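Read-outs: derived from the displayed coordinates by stated rules, not from any lab. All figures in this text were calculated on a predicted structure; none of them were measured in a lab. Methodologically, a virtual Cβ is constructed for each residue, glycine included, from the backbone with ideal geometry; neighbour enumeration extends over all protein chains shown.
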Amino acid sequence: MRRKARQATKPENRPRFWGRHAVAAALANPDRGIVRIWATREAAAAFDIGSAIPVTYADVADLGRLVTRDAPHQGIVAEVERLPDILLADLLDDARDGKPLLVLDQVTDPHNVGAILRSAAAFDALGIVTQDRHAPPESGALAKAASGALETVPWARVVNLARALDEIAQAGFWRIGLAGEADQTLAEALGPKRVALVLGAEGEGLRQNTQAHCDALARLPISDRIESLNVSNAAAVALYAAAVA
């Protein structure tokens, strides 16, 4: 996947990743710049840390001061450069029949986006698309929730989601917006070999303009004992449905 040329992240904007899966995946990603690592000696011994990466050994309490309160750092913290951007056009150029694309309409919670990335990796999705101003930046919380998938699932950030959906349609994707009020189920809406699953923010759901740029609206056939699913759970169910269709 081609990325834009990397621009150095300002030190104050560099994310700090923590936890074994997030840090190991970052180390294994050739597109990820690793600025420095703090770790206990025991934890560091389990990682393949290049000699060019500065490592500061610290105890568990000191590591806890480097991350958000009560973050499960598992003995290692890494300061990293943000990944170079992926262009939507390049992501679509890599499209293959049967690989679903996820489009997120103003889903801003980093834990949800991280969990969605993890599901996208599990079900071999093509990637995710978000609006740049209404999506979380790379962060330790997001990387932890993604459990390594932040490094492996392509993520295209766009300025205008409606225009992006038009571009996605031109690439041959059938755009299905998930909406609880839809008449048909997701299984009924699936069919074309290329599908883009469009999910909205919790509570508000898909914006009207986003719905207008979908080919179909569909709902998940959940029990009436609950109004809706968490957006990350809905994404996982939708990806599974697309995989077995």
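For LYS10 and ASP93, a Förster radius of 35 Å and the Cβ-Cβ distance give a FRET efficiency of 0.70, rounded to the nearest 0.05. With viscosity 0.692 mPa s and temperature 37 °C, the Kirkwood radius over alpha carbon pairs of the range 135-245 converts through Stokes-Einstein to a diffusion coefficient of 217 µm²/s. Convert 4 °C to kelvin, take the viscosity as 1.567 mPa s, use the Kirkwood radius over C-alpha pairs of the chain as Rh, and evaluate the Stokes-Einstein diffusion coefficient in µm²/s, rounded to a whole number. Roughly 69 µm²/s, to the nearest whole number. Label-to-label distance, ALA245 versus ALA45, with points set 7 angstrom from Cα along the beta-carbon direction: 5.1 nm. Among the trypsin sites (Lys or Arg not before Pro) found in the range 8-54, not one is both in a DSSP coil and sparsely packed, with 12 or fewer other Cβ atoms within 10 Å of its Cβ. Between the beta carbons of SER228 and ALA169, assuming R0 = 22 Å, the FRET efficiency works out to 0.25 to the nearest 0.05. Residues of the range 163-187 falling in the label zone of GLN208, defined by backbone nitrogen less than 19 Å from a point 7 Å along Cα to beta-carbon, are 163, 177-183. For the chain, the longest piece that avoids every one of the GluC sites (Glu not before Pro) found in DSSP loops with at most 10 other C-beta atoms within 10 Å covers 1-180. Distances between placed amide hydrogens fall under 5 Å for ARG175 paired with ALA196, ASP215, ALA216, all partners being 5 or more residues away or on another chain. The C-alpha radius of gyration of the range 62-115, expressed as a fraction of 2.2 N^0.38 Å, stands at 1.67.
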